[in-house]
Amino acid sequence: MKTLAIYKKEVLSLFVSPIAYVSMALFLFLLSYLVTYDMNTSDLRDVFSAMSILMIFFIPMATMRTMSEEMSRGTHELLLTSPASLASIVAGKFLAVMTLVIALFLCTGQYAVIAAMYGKPDWMLISTGYLGMLLLCAQFVAIGVFASSLTSNQFIAAVITFVALLFFIAVDVLSYIFETVSLGSVFEHLAVFTHFQDFDRGLLDLSHFIYYFGMIILFLFLTVRNLETRRW
Amino acid sequence: MDGTTRKIKMGLNATVLTVAFGGILVLAYIISLRYPQQYDVTKTKTNTMARETRDLMKTLTKKKIPVTATAFFPARSSEERRIKDLLAQLNRQSDFFQYEIVDPLTRPGVFRQMGMSDYGVIVAAGSPGSPEFRRKILAKSDLFRYDPETGEESFTGEQGILNAVIAVALKRDSMVCFIEGQGEFSITSTKPDGLSKLADALEAEAYAINVARISDGKPIPQDCKVAIMAGPQAAITSGARDTLNAFVARGGGLLLLLHSGGVPGTADLLSQWGLSLSEKVVIDKSRSADPDGFLVRPAVLPHPVTETLSPDDNSLKLLYPAPVTIAGKPPQGIKTAPLMATSDQASECAVVDYGAYQQLECDENKSKRTLAAAVDAAGKSGRILAVGNSLFATNDFLRTAVVIEDNVETARVNASEDNAAFVLNSVNWLAGEEDIIALRPKPAQNTELSDAYDYTRRMTVFKLFTFVIPLGILVIGGLVWRWRQSL
């Protein structure tokens with residue numbers, strides 16, 4: 001219940017802030033600019049591909065204020081001393097940003113409409129693509145919430161998130177460099193897009209779910225631990 | 001307890017908890033990799049292995065035949081990932097199937113040593129140097145087929161690897177002989193009525209190909225397991241009939257592809273097996289690829305040969321086929337089965353020659369007609385399969401996954417994957433290898449947007465999605481902001 005109350009408050013503050021609408025409009029403008037004219041297939045692969053790149057810029061903007069704002073205003077002390085547990089505070093804020101991401105996903109439904117009008121889409125394939133995107137974004141948001149808990153400066157939080165997301169994308173490149181040693185394989189498993197590819201071709205694999213849920217829970221767990229240190 | 005000690009204790013506690021938590025996640029992830037659980041949700045099951053492939057892997061385990069596959073692709077390329085996924089799936093099906101991935105860029109020595117000149121896969125069975133050792137090299141083009149019409153590359157790796165495993169591990173002495181001497185279509189001809197594509201497809205299925213001339217009274221070679229007589233133009237003499245009957249009597253499989261009425265001697269040949277071929281052709285407007293009903297698309301009936309085909313929604317095509325009638329009471333010890341049938345709206349038409357022109361004169365009577373039938377002598381002798389269409393397996397009507405087709409061939413509008421699957425399944429059944437029915441290529445999901453999404457519509461959608469909708473969101477944001485300010 002406390003999670004729900006925090007979630008409601010966060011969603012309200014997100015959706016009455018102009019920054020949410022500006023970033024959504026910018027996201028849809030760029031997405032359309034990149035894919036609409038050249039869209040030739042009904043599987044939305046180009047859309048998902050462009051979305052995953054744009055999310056690297058959008059999610060740091062969406063998550064930067066989650067914890068940093070509380071710290072810069074000094075309201076975090078009220079939160080930390082409130083009867084709500086740290087886990088419910090973090091979960092509420094995480095779910096609020098995810099609501100914004102889902103709202104964005106709904107806006108991209110326009111491409112599914114084009115696919116249905118001019119092609120024969122495999123809806124299950126598109127659904128798994130969206131599911132993969134949702135898990136990928138949830139991982140990005142969890143990282144963003146954690147980064148936001150590290151500093152009271154929103155800009156620095158956004159930069160930390162951006163760098164961390166770049167790491168999880170570029171880690172695949174490290175697997176080339178360390179290919180001959182077993183470390184290369186570890187980097188390959190860490191790479192976020194390696195796990196997204198199967199969703200994109202309609203294949204649900206338990207290991208990918210464990211990876212994404214593991215990463216989400218791990219970063220939310222680290223956020224809780226980090227906030228807890230402020231109570232010591 | 002002072003503040004510092006307390007902080008150290010709490011810090012240690014948090015670290016241990018974090019490490020333990022991370023450890024549990026890593027362990028769960030490793031277990032999920034060790035015992036993979038995958039679900040293919042696509043409509044055409046593009047990521048699922050065919051039943052035939054799983055059966056083949058079971059056969060390797062049952063017969064204890066070790067097979068190794070060595071794939072040569074650059075590490076972490078999209079091709080390497082597809083091949084690696086497939087080989088890992090095969091390995092999970094049978095411990096007797098082992099594989100290795102070699103990156104030619106980092107291990108060029110191994111690449112050259114194995115005799116490779118381009119990316120591809122080597123499938124091998126037996127120990128190198130031993131008489132049993134066999135290997136087959138699959139080029140990249142055998143695994144990824146480029147479609148010049150759509151510009152897309154599709155993955156045909158499962159079919160390629162399956163054929164290679166059959167070639168190196170299972171088939172040792174199967175030979176298909178094409179009968180010649182009665183004006184049959186030629187296996188070397190690449191013309192529309194040639195059989196070169198069929199010969200290539202059979203070779204890719206690991207059959208040895210030979211030609212048997214029976215007109216001069218020679219018997220069909222002993223090592224022929226299956227004989228194909230495709231479109232004889234001259235009379236089948238009694239000597240030729242005796243040769244064919246002797247071949248079937250010794251356990252051979254005979255595939256007859258005949259045009260309406262056949263040629264003199266056809267009726268005598270078929271009647272011994274409880275079959276007859278009509279002099280007329282079938283017109284079926286209800287199941288046809290053309291409005292006049294000449295290019296018939298029959299339904300298939302349950303039989304090992306038709307197992308991989310959709311009963312009603314297949315792409316079989318027969319131009320002016322002739323009905324193959326099964327005798328009400330077949331000869332003793334003979335089992336006959338219809339394989340293809342028209343709709344019940346089909347009529348038989350005679351081709352009447354008026355000198356200057358020919359005309360079709362059709363019967364009023366409309367009913368279902370059988371266009372192909374299988375005969376099994378139930379262990380006493382071999383098998384026969386007759387199709388009432390001589391063009392059925394010619395280059396014009398065959399589209400095969402294993403044969404790389406050039407632009408001219410793919411432009412052949414009548415080319416059908418199901419014609420190819422039916423013929424290959426027939427040969428396997430006639431050879432007594434129905435367990436290895438040809439793997440039908442998976443139908444590719446057409447993801448292309450239609451031509452109706454033209455330049456004008458693209459521009460309209462582009463303007464709508466790029467400017468109007470984002471602007472609308474900004475307006476909503478502005479209204480919300482103003483509302484908030486007014487509170």
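The values are calculated or read from the model by the stated rules, or taken from the named source; none is laboratory data. Keep in mind it's a predicted model, so treat the numbers as computed, not measured. When we count neighbours, we look across all protein chains shown, and the Cβ atoms used for this are built from the backbone with ideal geometry, even at glycine.
Look at segment B:1-40 and say how many of its residues are assigned to a loop (DSSP other than H, G, I, E, B) and either closer than 18 Å to A:F209 by Cβ or within 8 Å of chain A (Cβ to nearest Cβ) (or both). Don't jump to the end; show me each part of the working.
Our first condition is that a residue be assigned to a loop (DSSP other than H, G, I, E, B); within segment B:1-40, this holds for B:1-2, B:35-37.
Subsequent filtering for residues that are either closer than 18 Å to A:F209 by Cβ or within 8 Å of chain A (Cβ to nearest Cβ) (or both) retains B:35-37.
Number of matching residues: 3.
For B:L257, are the conditions met, namely being buried (at least 19 other Cβ atoms within 10 Å of the Cβ), within 16 Å of B:N419 (Cβ to Cβ) and modelled with pLDDT under 90? Spell out the reasoning first.
Working: buried (at least 19 other Cβ atoms within 10 Å of the Cβ): yes; within 16 Å of B:N419 (Cβ to Cβ): yes; modelled with pLDDT under 90: no.
No; evaluated as a whole, the condition is false for this residue.
Going through B:T70, B:T44, B:T48 one at a time, which residue ends up being away from every other protein chain (no Cβ under 14 Å) and surrounded by 14 or more Cβ atoms within 10 Å (Cβ to Cβ)?
Details: B:T44 fails: away from every other protein chain (no Cβ under 14 Å); B:T48 fails: away from every other protein chain (no Cβ under 14 Å).
Unique residue meeting the criteria: B:T70.
Which members of segment A:119-134 meet the condition of being in contact with an Asp or Glu (Cβ under 6 Å, 6 or more places away or on another chain) and facing chain B (nearest Cβ under 7 Å)?
Across segment A:119-134, the qualifying residue is only A:L125.
Please give the number of the condition B:V165 fails out of (1) crowded, with 19+ Cβ neighbours inside 10 Å; (2) modelled with pLDDT under 85.
(2) is the only condition that B:V165 fails.
Pick from segment B:199-213 the residues that are buried (at least 18 other Cβ atoms within 10 Å of the Cβ) and in contact with a strand residue (DSSP E or B) (Cβ under 6 Å, 6 or more places away or on another chain): which of them is farthest from B:S381 (Cα to Cα)?
Checked segment B:199-213; the qualifying residue farthest from B:S381 (Cα to Cα) is B:A199.
Just for helices (runs of 4 or more DSSP H) wholly inside segment B:78-170: which have at least 1 residues that are of a type in the set (V, I, T) and out of contact with any helix residue (DSSP H, G or I) (no Cβ under 9 Å at 6 or more places or on another chain)?
The helices (runs of 4 or more DSSP H) meeting that bar are B:108-113.
Hey, any hits in segment A:18-33 for a residue that's surrounded by fewer than 18 Cβ atoms within 10 Å (Cβ to Cβ) and part of a loop (DSSP other than H, G, I, E, B)?
Within segment A:18-33, not a single residue is surrounded by fewer than 18 Cβ atoms within 10 Å (Cβ to Cβ) and part of a loop (DSSP other than H, G, I, E, B).
Look through A:Y7, A:Y37, A:Y33, A:Y21 and report the one residue that is over 30 Å from A:K120 (Cα atoms) and facing another protein chain (nearest Cβ under 10 Å).
Working: A:Y7 fails: facing another protein chain (nearest Cβ under 10 Å); A:Y37 fails: over 30 Å from A:K120 (Cα atoms); A:Y33 fails: over 30 Å from A:K120 (Cα atoms).
None of the other options fit; the residue is A:Y21.
Restricting to segment B:117-130, name every residue that is within 15 Å of B:F73 (Cβ to Cβ), crowded, with 19+ Cβ neighbours inside 10 Å and of a type outside the set (F, W, Y). Even if it seems obvious, please write down each step before you answer.
Taking segment B:117-130 and keeping what is within 15 Å of B:F73 (Cβ to Cβ), we get B:117-123.
Next, from what is left, pick out any that are crowded, with 19+ Cβ neighbours inside 10 Å: B:119-123.
Result: B:G120, B:V121, B:I122, B:V123.
Can B:D200 be described as part of a loop (DSSP other than H, G, I, E, B) and either assigned by TED's automatic domain parsing to the domain that holds B:V263 or under 30 Å from B:V123 (Cβ atoms) (or both)? Lay out the reasoning, then the answer.
Details: part of a loop (DSSP other than H, G, I, E, B): no; either assigned by TED's automatic domain parsing to the domain that holds B:V263 or under 30 Å from B:V123 (Cβ atoms) (or both): yes.
Here the answer is no, as B:D200 does not meet what is asked.
If I ask for residues that are of a type in the set (D, E) and within 25 Å of A:F193 (Cα to Cα), which ones from segment B:68-95 would you list?
Taking segment B:68-95 first, the residues of a type in the set (D, E) are B:79-80, B:85, B:95.
Across segment B:68-95, the qualifying residues are B:E79, B:E80, B:D85.
What's the number of the only condition in (1) away from chain B (no Cβ under 14 Å); (2) in contact with a Ser or Thr (Cβ under 7 Å, 6 or more places away or on another chain) that A:A96 fails to meet?
The single condition A:A96 does not satisfy is (2).
Output the number of the condition that A:Q110 fails; it satisfies all remaining conditions of (1) of a type outside the set (V, I, T); (2) within 10 Å of chain B (Cβ to nearest Cβ); (3) out of contact with any Ser or Thr (no Cβ under 8 Å at 6 or more places or on another chain); (4) surrounded by fewer than 16 Cβ atoms within 10 Å (Cβ to Cβ).
A:Q110 satisfies all of (1) of a type outside the set (V, I, T); (2) within 10 Å of chain B (Cβ to nearest Cβ); (3) out of contact with any Ser or Thr (no Cβ under 8 Å at 6 or more places or on another chain); (4) surrounded by fewer than 16 Cβ atoms within 10 Å (Cβ to Cβ) except (4).
Is it the case that some residue within segment A:66-86 is assigned to a loop (DSSP other than H, G, I, E, B) and within 14 Å of chain B (Cβ to nearest Cβ)? Give the steps one after another, and end with the answer.
Of the residues in segment A:66-86, the ones assigned to a loop (DSSP other than H, G, I, E, B) are A:74-75, A:82-85.
Those left that are additionally within 14 Å of chain B (Cβ to nearest Cβ): none.
No - not one qualifying residue is present in segment A:66-86.
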